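Encoded as C-alpha cells, the structure appears first; notes follow it.
All of the numbers you see were taken from the coordinates with simple rules; none came from a lab. Small disclaimer: the values here were computed from a predicted structure and weren't measured. As a convention, Cβ positions derive from the backbone with ideal geometry for all residues, glycine included, and neighbour counts pool all protein chains shown.
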C-alpha cells in the first residue's frame with residue numbers, strides 16, 4: 001500500500017490568466033456591505049440630496065413660478081460638493097476593513113493561496129470601494145442629467161455644457177489626457193469618447 005506525504009502542492013492550473021478573479025472579490029465584498037444595515041442607512045441618507053435635486057428639476061421644468069430653481073452646470077457642481085461628506089463616511093466605513101478584516105481573520109493567506117495575484121486581490125478590494133463611492137456620486141449625477149434631459153425634451157443642456165473638468169482622477173477625451181482640475185473645451189466634435197484612466201469624477205461647467 002503506497003504511503004503519501006501530506007504537504008502543500010502547487011495548483012496545476014496556474015494563475016487566473018483571464019484576470020477575472022478580482023471580480024469575485026469585488027462581488028463578495030459588495031454583498032457583505034449590503035448586508036449591513038448601517039451601510040444601507042448611510043446610502044439612503046446619501047441619496048437624499050439627489051432626490052431633492054430631482055424635485056428641483058421637476059419643479060423648474062413644470063412650474064413657471066419656480067424659475068428661480070432653473071438648472072445650470074453649477075447645480076451639478078453643488079450636488080457633487082454636497083456628496084463629499086458622504087464620500088468621506090463611506091470611505092471610512094467601507095474601506096477601513098477591506099484588508100484589515102482579512103488579516104485579522106487570517107483570510108489573506110487563503111486568498112493568496114488561490115490562483116490569483118496580489119494585484120488582482122488589491123484590484124478586487126479597490127473595486128468594492130470604487131463601486132460604493134460611484135453609487136453616491138457618479139450614478140446619481142448621471143441620473144439627474146437624464147432626468148433634466150427628459151423634462152427639457154431636448155439635449156441642449158448637455159450640448160451647452162460639454163466643458164468637462166475632472167474633479168478627481170484622470171480621463172482621456174478623444175485621445176487627449178485630462179488630469180484633475182484640468183479643463184477640456186469640446187467643440188465641433190461629431191463623436192465624443194471619454195475613457196477613465198483611473199477612478200474619476202467629472203464636473204460639467206457652463207462655458208457661457
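Structure above, values below:
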read-out	value
Length added when fully stretched, residue 52-residue 119, from 0.36 nm per residue minus Cα-Cα	20.1 nm
Nitroxide proxy distance, nm - points 7 Å out along Cα→Cβ at residue 88 and residue 110	3.6 nm
Ellipsoid semi-axes in whole angstrom, largest first, where each is sqrt(5λ) of the Cα gyration tensor of segment 21-154	39, 14, 11
Projected label distance in nm at residue 159 and residue 143, using a 7 Å step from Cα toward the beta-carbon	2.8 nm
Nearest-0.05 FRET efficiency for residue 81 and residue 150, computed from C-beta distance (R0 25 Å)	0.55
Difference of contour (0.36 nm per residue) and Cα-Cα distance, residue 36 to residue 24	2.4 nm
Pairwise label distance in nanometres, residue 193 with residue 170, each label 7 Å out on the Cα-Cβ vector	1.9 nm
